[in-house]
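A short worksheet on the structure shown next.
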Amino acid sequence: MIITNIYEVIRTLIGEGLSVATAESCTGGMIASTIVDYPGASDCFNEGYVTYSNEAKVKNLGVKTETLEAYGAVSEQTAKEMAIGVKDKSGADFGLSSTGIAGPGGGTIEKPVGLVYIACAYKDKCIVKELHLKGNRTSVRKKTVKEALLLLEKCIYDFEEAN
């Protein structure tokens, strides 16, 4: 079963009695906002965190200071710790995270504008996806939301197959 839109993702979560929590940096709450646009989303979504600063990532999600120092906020490792942290803290079935450089500034040669990491944690798994997105700040953020929800869809499918 491959779901084609956010409403199907939310309907599936509700129908299966599953829940999701979000930990967002570059999307600034857009993933959570997109989820709660769906009527009845409170049946699958309890909480979300916008952890824009490194301090917030450590304090609210349990991201390790050592991870941030070694790899930076925009990294596979940080996205993974954010997703696992929000899943564990919230008690949700799925933890969904985003961290990246939306622009127009902030990019470097090693980490250019449009570099984004999304992650979805569930059970004892965590899938991280690296994105290289084009466009302005708003476009990068919207594309990240779409990709994060597609990743959640994939994880729901894997979760259901395992049960």
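Quick look at the numbers
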{"read-out": "Unsatisfied cross-links (Cα-Cα over 25 Å) in the set Lys111/Lys134; Lys57/Lys129; Lys64/Lys143", "value": "Lys64/Lys143"}
{"read-out": "Viscosity 1.306 mPa s, temperature 10 °C, Stokes-Einstein D of the chain from Kirkwood C-alpha radius, µm²/s", "value": "103 µm²/s"}
{"read-out": "Size of charge dipole - the chain - debye, nearest 20, with Cβ of Lys, Arg +1 and Asp, Glu -1, no other charges", "value": "540 debye"}
{"read-out": "Rel. contact order, % - alpha carbon contacts under 8 angstrom, at least six apart, segment 66-123", "value": "37 percent"}
{"read-out": "Top positive-direction residue, dipole computed over the chain with Cβ charges, set Gly100, Val113, Ser75", "value": "Val113"}
{"read-out": "In range of the label at Glu16: residues from segment 111-152 whose backbone nitrogen is under 16 Å from the point 7 Å along Cα→Cβ", "value": "120-127, 149-152"}
{"read-out": "Listed residues Gly15, Gly62, Gly85, most fluctuating in the chain (Gaussian network, C-alpha, under 10 Å)", "value": "Gly15"}
{"read-out": "Sequence-distant aspartates and glutamates (8 or more away, or on other chains) whose Cα lies within less than 18 Å of Lys87", "value": "Glu16, Glu24, Asp43, Glu47, Glu76, Asp124, Glu153, Asp158, Glu160"}
{"read-out": "Efficiency of FRET between Asp88 and Ser139 - r from beta-carbon atoms, R0 30 angstrom, step 0.05", "value": "0.40"}
{"read-out": "Descending principal axes extents, segment 67-163, alpha-carbon based, whole Å", "value": "43, 28, 19"}
{"read-out": "Computed FRET value (nearest 0.05) for Ile127 with Ser42, which takes r as the C-beta separation and R₀ as 22 Å", "value": "0.30"}
{"read-out": "Helix 6-16 axis, angle to the chain major axis (alpha carbon atoms, nearest 10°)", "value": "50 degrees"}
{"read-out": "Whole-number percent relative contact order across the chain, with pairs defined as alpha carbons under 8 Å at least 6 apart", "value": "23 percent"}
{"read-out": "Partnerless Cys - the chain, beta-carbon criterion under 4.7 Å", "value": "Cys26, Cys44, Cys126"}
{"read-out": "Top of Glu55, Glu69, Glu81 by mean-square fluctuation, Gaussian network on the chain, Cα under 10 Å", "value": "Glu69"}
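FYI, it's all coordinate maths here, none of it is from the lab. Just so it is clear, the structure is predicted and the values come from calculations on it, not from any experiment. Positions of Cβ are backbone-derived with ideal geometry, glycine not excepted, and every protein chain shown enters the neighbour counts.
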